[in-house]
Structures are given as C-alpha cells and as structure tokens.
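Coordinate-derived values only; no laboratory data. Here the structure is a predicted model, which means the values were calculated and not measured. Note that we place each Cβ from the backbone using ideal geometry, even for glycine, and neighbour counts take in every protein chain shown.
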Amino acid sequence: MILVGVVAAAVCVVAGVLTVYRSSLFAVHTVDVVGNDQLTVDRILEIAAIPGDATLIRFPGDAVAERLRADPWIADARVTRDFPDTMRIRVSERTAFAYVDLGGTDIWLIDAEGYVLGEQTTETTRTLMVVRDLEGVDPRVGQRTTSEPLLNALKVLEGLSNELKERVRAISAPVIDRTTLITNDEIQIVVGSAEDIATKDEIARTILDEQAGKVVYINVRTVDRPVWRGLE
C-alpha cells in the first residue's frame with residue numbers, strides 16, 4: 001500500500017508539472033530590450049521571433065539568443081526571465097568602423113575586428129574611413145574577413161591619433177607592406193604594418209607640419225629611417 005501511495009503521489013506531481021508547463025501561467029506579456037543602439041526594438045523583436053505561446057516556464061531563451069546572434073550586427077545576446085511575465089533581451093552590437101571599397105558600387109561596412117556587417121552605398125558611409133585597393137577580398141556578411149591586408153589596415157586605423165585621422169580620407173591596402181594613408185590634400189604616407197603605428201603616426205605628423213606645403217610623399221615603414229619627398 002505504501003508503494004502504491006508513493007507511485008500515486010509521483011504521478012500527481014508529474015501531472016501537476018505537465019499541467020503548469022502546458023498552461024499559460026507565467027505567459028510572456030512584456031519583452032524588455034536592452035543594449036541596442038544600431039538596431040531598433042522592432043527589428044530585434046523581428047529577429048528574435050518569440051513564439052506567441054512562450055511562457056517563463058516554457059521558455060525559448062536559447063533559441064531566441066541563437067537567432068539574434070546570427071544577425072551580423074549583433075555580437076552577442078542574452079535572454080533571461082523576469083517573473084512574473086517579462087522576457088529580457090540584452091544585446092551587444094557591432095559598430096561600423098570603416099567601409100571597404102572593392103570598386104564600383106561594391107561597398108561593404110565592416111567593424112574594427114573585421115566582421116562584415118553588410119553592403120552599403122557611399123551615401124550612408126560618408127562619415128567612415130574607406131579602405132581601398134584590396135585584392136582577393138570576398139566579403140561574407142556576418143563573417144570575419146580573412147584578408148590580412150584588410151585586417152592590418154583596420155589595426156592601422158584603430159591606432160591612428162585623432163589629429164592624423166582628421167587629415168586622412170582613405171587607406172590603400174593592396175598588401176600589408178604597401179599600406180598607405182591618403183590625406184585630404186593627396187599626400188601619401190606609407191605606414192606598412194600596424195606595428196609601431198603610434199610612433200609612425202607621430203613621425204608622419206612631424207614631417208607634415210615641418211614640411212607643410214612642400215611634402216607629397218612620406219615613408220615611415222621603418223621608424224628609425226623615415227623618408228619624405230617634396231615637390232619637384
């Protein structure tokens with residue numbers, strides 16, 4: 001009789017759990033989105049695709065987070081419960097850092113780590129630095145580029161002082177060793193590798209200031225032997 005009672009109690013517990021699981025108790029009535037800047041709340045909810053019958057017991061958190069992380073603009077996403085009726089979505093977004101011009105209308109937004117965010121037009125990227133003259137680049141949205149010259153160019157850009165960055169309109173990066181800054185007044189500054197970029201930056205700015213109006217070419221690839229060329 002004791003065994004029968006234990007079994008009956010266990011059956012009741014299981015039945016109760018299943019009833020709660022299948023019921024609309026703790027239904028998700030509110031979705032709180034945190035951390036978004038580039039993407040609107042509506043866009044995040046569209047990507048999240050939260051099932052209409054979701055509850056905090058029957059919780060689709062992992063699936064929602066996975067769908068969000070698949071978007072190129074979202075670096076990470078966490079989905080948590082807030083009883084009695086709220087799902088909280090916290091996202092970490094990627095930020096457009098530069099754009100890659102592969103010629104013609106083939107222009108791609110990219111973040112500082114090299115993740116391709118999407119294809120854009122020049123009208124929407126005027127405030128970003130352009131990286132051009134790349135060879136063999138095959139952008140894949142949501143994936144990190146494997147182009148070493150492009151990754152090096154991004155590190156160069158990240159390491160530039162604001163003073164020099166304001167003078168530069170483009171980075172030419174056919175290969176790492178020939179990575180070159182193009183200034184607003186068409187002066188070429190060959191920096192090569194991003195190694196020692198702070199020192200290269202300082203040397204280039206000194207030459208630009210001391211030889212203002214005369215210099216057209218600067219090479220700081222080797223920091224202890226910089227060279228420059230003026231107008232003929």
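Computed over the alpha carbons of the stretch 169-232, Rg followed by Dmax gives 10.8, 31 Å. Estimated from helical segments only, the mean residue ellipticity of the chain at 222 nm is -9000 deg cm²/dmol, where each DSSP H run of four or more residues counts as -39500 (n - 2.57). The base-10 log of I(q)/I(0) for the stretch 98-230, evaluated at q = 0.09, 0.14, 0.22 Å⁻¹, reads -0.25, -0.59, -1.29 [Debye formula, identical scatterers on Cα atoms, solvent excluded]. The tail of the calculated P(r) for the stretch 81-170 beyond 22 Å holds 33 percent of all Cα-Cα pairs. A compact globular protein would have a Cα radius of gyration near 2.2 N^0.38 Å; the ratio found for the chain is 1.56. Shown here is the pair-distance distribution of the stretch 134-212: with all Cα-Cα distances grouped in 5 Å bins from zero up to the longest one, the shares run 3, 16, 27, 24, 14, 9, 4, 2, 1 percent. Scalar couplings 3J(HN,Hα) for the stretch 78-91, obtained by applying the Karplus form with A = 6.51, B = -1.76, C = 1.60 to θ = phi - 60°, are 10, 10, 10, 9, 9, 4, x, 8, 10, 9, 10, 10, 10, 10 Hz; x denotes Gly and Pro. Of the trypsin sites (Lys or Arg not before Pro) found in the stretch 125-154, those in coil by DSSP whose Cβ has at most 15 other Cβ atoms within 10 Å are R126, R140. For the stretch 78-121, a Kirkwood radius taken over Cα pairs fed into Stokes-Einstein (10 °C, viscosity 1.306 mPa s) yields D = 124 µm²/s. Restricting the calculation to Cα atoms, every distinct pair contributes to the Kirkwood radius of the stretch 27-93, found to be 11.7 Å.
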